[in-house]
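To start, the structure itself, in structure tokens.
Read the figures in this text as sums done on the coordinates, not as results from a lab. This one's a predicted model, so the numbers in the text were calculated from it and none came from an experiment. No Cβ is skipped: glycine too gets one built from the backbone with ideal geometry, and neighbour counts run over all protein chains shown.
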Ligand code: R5P
């Protein structure tokens, strides 16, 4: 077994390597003056099972391209099997056409990965579970929820209600509620008036006086989770905790999430690296 990391989340790759007791293998990933990327695997991997760790988080296009080049390099170096470990799968939200003449970019990127020579993909909390089927190779889909649930369970919270911030997240929230000792479920009716603009209209379910745990796959600009939290506060929730597997944190997410009195805690995993300057007091980053 050989493990190599791209440049998108070296800290996570180091943790995985230490956990497995294998080295994060030697490789060169660099950029030419014109922006083209260069990858070289610096040891023989002939006949090896190679795992490439590279979440395709921002800068999404560079990280995706770097992964494709790594796969190509491994394939040309006669690796026996190549697994792309992509804890955060960029472009996952473009998983269907919502208007005419759009691309299904999540499928396009799956095609590119398969064509580059990947034999297996390991992804975590894909935006929609159906994306597994976009790969004509095995795709292992794992979840960050056990790590989040364990952390919450240690707090012995009372009167918990698990809340989906939109209708699309109901299955995820229901599964989370089940792991939270069958907590009740509430659902927010969210509307989008444009890209990156979210408005939470109504809550279906009882949240008054309760600890509301908002669960989502990702927090990007923070619009969805913050408008949801505001609505839950208006509806009488005693406290609101945000949970998400992927901390995309595009501006102005951190300013929004750290607003005084909105969230008691914001729990995310380390599928995407979070720079020190983007951290805020309510944030807790849990290791997957
Ligand atoms: C949408 O369906 C996703 O599950 C997230 O709720 C959304 O992408 C989060 O984006 P933002 O934080 O920008 O509202």
> Using the 10 angstrom Cβ neighbour count as an exposure proxy, how do 235, 43 rank, fewest first?
Replying inline: 43, 235
>> Taking 0.36 nm per residue of sequence separation and subtracting the Cα-Cα distance, how much length would be gained by fully extending the chain between residue 287 and residue 147, in nm to one decimal?
In response: 49.6 nm
> What's log10 of I(q)/I(0) for the stretch 2-142 at q = 0.09 Å⁻¹, Debye sum over Cα points only, no solvent?
Replying inline: -0.26
>> Taking every alpha carbon pair in the chain, what does the distance histogram look like in 5 angstrom bins from 0, in percent?
In response: 1, 5, 12, 16, 17, 15, 12, 9, 6, 4, 2, 0, 0
>> Contact order normalised by length for the chain, with contacts defined as Cα pairs under 8 Å and 6 or more residues apart; what percent is it?
In response: 12 percent
> Which whole-number percent of Cα pairs in the stretch 145-286 have a distance greater than 20 Å?
Replying inline: 39 percent
>> Below 8 Å between Cα atoms, with a sequence gap of 6+, how large is the relative contact order for the stretch 46-131 in percent?
In response: 34 percent
>> I need to check one value: relative contact order of the stretch 145-286, counting alpha carbon pairs closer than 8 Å and at least 6 residues apart, in percent.
In response: 20 percent
